[in-house]
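Structure below; questions to follow.
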Amino acid sequence: KHRKVAAAIFRRKEGYIMAKNKEPKTNAMRILDRMKISYKTFTYECDEFTDAQHTADLIGAAHETMFKTLVTVSPEPAYYVFVIPIDSELDLKKCAHQAGVKSLAMIHVKDINSVTGYIRGGCTAIGMKKQYPVFIAEAAQNYPQIVVSGGHLGIQIELAPQDLAAASKGTFCDITR
């Protein structure tokens, strides 16, 4: 028994232990699997946050089909999640209107993990700590597949925009400048 435990610890330290050589699953992937939503994953070497344009280039995704997830806070405070194309910017006035609040501000980088359960660069609208209202840029509907973070640095997920909306309980709307 001790030899088996020691062997398992050794394999973990060597970095190659996984459940029957399966690809590691993020919370977002497990939710998509449970919902029987089809998706494709892209993995790449990444030890720290990289901008979305660089990530798109690393995985060979067209910039217009790559989307980023941004989290905002209202004065109450309440949190709202927005998914927009990587080359776009949030229009906070439009976002506040969609959320039905007076104003919104981006959350501080140091708060991303405590609010969402994800880290900067690995944040996705699927499977956050709590179910926050999610708004997806209407431009996502122009493509059969879009790419979003997979819930961990170095992992991106490609899926249909309607499937992202279903998994995140999101709605499509005009939220960019």
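What are the residues in segment 96-114 that are of a type in the set (A, V, I, L, M, F, W, C) and either in a strand (DSSP E or B) or in contact with a Phe, Trp or Tyr (Cβ under 6 Å, 6 or more places away or on another chain) (or both), if any?
Those that are of a type in the set (A, V, I, L, M, F, W, C) and either in a strand (DSSP E or B) or in contact with a Phe, Trp or Tyr (Cβ under 6 Å, 6 or more places away or on another chain) (or both): Ala99, Ala105, Met106.
Return the residue satisfying two criteria in turn: it lies in segment 110-134 and is of a type in the set (A, V, I, L, M, F, W, C) and farther than 19 Å from Glu76 by Cα, and of such residues it is most open to solvent (accessible area, probe 1.4 Å).
As a first pass, look at segment 110-134 and keep what is of a type in the set (A, V, I, L, M, F, W, C): 112, 115, 119, 123, 125-126, 128, 134.
After this cut, where a residue has to be farther than 19 Å from Glu76 by Cα as well, the list is 119, 123, 125-126, 128.
Numbers: Ile119: 83, Cys123: 17, Ala125: 7, Ile126: 1, Met128: 23 Å².
Only one residue tops the list, namely Ile119.
Right, another one. Which of the residues that make up segment 161-177 are in contact with a helix residue (DSSP H, G or I) (Cβ under 9 Å, 6 or more places away or on another chain), part of a loop (DSSP other than H, G, I, E, B) and surrounded by fewer than 22 Cβ atoms within 10 Å (Cβ to Cβ)?
Result: Asp174, Arg177.
Cβ contacts < 6 Å: first residue free of Cβ contacts under 8 Å to residues at least 40 places away in the same chain, restricted to segment 87-98; second residue open to solvent by 30 Å² or more (accessible area, probe 1.4 Å) and in a helix (DSSP H, G or I), any location; separation 6+ or different chain. Result?
What qualifies is Asp87/His63.
Give segment 124-160 a look and list any residue that's in a loop (DSSP other than H, G, I, E, B) and closer than 17 Å to Pro24 by Cα, or say none. Write out each step before concluding.
Initial filter on segment 124-160 (in a loop (DSSP other than H, G, I, E, B)): 124-133, 143-145, 153-154, 160.
Thr124, Ile126, Gly127, Leu153, Gly154, listed by residue number.
The values are calculated or read from the model by the stated rules, or taken from the named source; none is laboratory data. Owing to the predicted nature of the structure, the values given are computational and were not obtained by experimental measurement. Glycine also receives a Cβ, built like all others from the backbone with ideal geometry; neighbour counts cover every protein chain displayed. Quick note on the areas: whole protein, heavy atoms, side chains included, nothing else; ligands and nucleic acids left out. Shrake-Rupley method; radii C 1.70, N 1.55, O 1.52, S 1.80 Å.
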